[in-house]
Amino acid sequence: MASGQLSREEALACVGCRHACHILLYADTEAQLFEEIPIRHIVLMQMRFDGLLGFPGGLVDPSEESLEEGLSRELWEELGFSLSVTVEDHVSSCHNPSSSSSYLITHFYARRMEEKEIREVEKAAASTATDHGHEVMGMVRVPLYTIKGGGGLPSFLSHSFIGNSRSQLEDALVRFGLVTPEELQTALTHAEQRRRQP
């Protein structure tokens, strides 16, 4: 396992640790931008109350509920959509390097959905979620293409992310075949160039 990575069992055995669970929701699509740029996949993230990008989810207390039950509860609050997360959706667990106040372990999940379902999630998040406009400012789609001038994924990656959510996104995009390693590397190179611009 990579540095900081834990098995789910190791993470749950950690005494005195706090746990946060988040999920990447994605779907395939035939849609095109401007009728010429294939979108290929819908990948959801959210704009948080602090202006940072992250994945839906939050803190879970494993002494009161399973990680998956807690994440499902958080999704109901943040998305207004009932989604039963399972152990099979678990991708990784790791020490959160940016947590200084206490020992935080982040658990990352991913779920492939049908395009119709993911559109229902987007609608519910804006209309029925109790956290909309409070903890969550809104859902955003990750653009998986690069357009002239470095727009699309490079621009998206140049934004600010909470904790390790950017690295979780980068890993998941390649792991689930949503972009190729070469496409991601090109986007990262353009994103770095954008950050260096005055």
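Over the chain, what relative contact order in percent results from Cα pairs under 8 Å that are six or more residues apart?
Working: 352 pairs, mean separation 50.2, N = 198.
Over the chain, the number comes to 25 percent.
Could you tell me the distance between the Cα centroids of the range 141-171 and the range 11-89, to the nearest Å? Spelled out, the Cα-based centre of one part sits 17 Å from the other.
Comparing Thr180, His41, Ser84 along the charge dipole axis of the chain, the residue lying farthest to the positive side is Thr180, per the Cβ-charge model.
Think of the range 113-198 as having a plus end and a minus end, set by charges on the Cβ of Lys, Arg, Asp and Glu; of Leu144, Ala124, His190, His190 sits farthest toward the positive end of this dipole.
Projecting label points 7 angstrom from Cα along Cα→Cβ for Arg112 and Ile37 puts them 2.5 nm apart. Take every DSSP beta bridge whose two residues both sit in the chain; close to 70 percent of them are antiparallel. Grab the other residues whose beta carbon is less than 13 angstrom from that of Glu78, score K and R as +1, D and E as -1, and report the net. In short, -3.
Might you list the cysteines of the chain that have no disulfide-compatible partner by the rule of another cysteine's Cβ under 4.7 Å? Taking the Cβ cut-off of 4.7 Å, the unpaired cysteines of the chain are Cys21, Cys94.
Here the extension length gained between Gln185 and Lys123 equals 19.1 nm, from 0.36 nm per residue of separation less the Cα-Cα distance.
Sites listed here are chymotrypsin sites (Phe, Trp or Tyr not before Pro) in the range 14-58 whose DSSP assignment is loop and whose Cβ has at most 15 other Cβ atoms within 10 Å: Phe34, Phe49.
Rounded to the nearest 0.05, what FRET efficiency is calculated for His134 and Ser66 with R0 set to 22 Å and r the Cβ-Cβ distance? Working from the Cβ atoms, E equals 0.30. Taking each DSSP H run with n ≥ 4 as -39500 (n - 2.57) and averaging over every residue of the chain yields -9500 deg cm²/dmol at 222 nm. Could you work out the mean projected area of the convex hull around the alpha carbons of the chain, in square nanometres to one decimal? Result: a mean projected hull area of 12.1 nm².
Check each of the GluC sites (Glu not before Pro) in the range 111-158 and keep only those in coil by DSSP with at most 12 other C-beta atoms within 10 angstrom; list them in order. Please list the in-between numbers first.
On the way: sites: Glu114, Glu115, Glu117, Glu120, Glu122, Glu135; in loops: Glu114, Glu135.
Sites meeting the loop and neighbour criteria: Glu114.
Accessible area per residue, 1.4 Å probe, Å², for the range 2-67: what's the number? Value for the range 2-67: 50 Å² per residue.
Compared with the dominant principal axis of the Cα atoms in the chain, helix 67-79 is inclined by about 50°. In a DSSP loop and with at most 15 other Cβ atoms within 10 Å, the chymotrypsin sites (Phe, Trp or Tyr not before Pro) in the range 113-198 are Phe176.
The values are calculated or read from the model by the stated rules, or taken from the named source; none is laboratory data. Because the structure is a prediction, the values reported are computed rather than measured. Counting neighbours? That spans all protein chains shown, and the Cβs are built from the backbone with ideal geometry, glycine included. These accessible areas exclude ligands, DNA and RNA; they are computed on the full protein's heavy atoms, side chains included. Shrake-Rupley method; radii C 1.70, N 1.55, O 1.52, S 1.80 Å.
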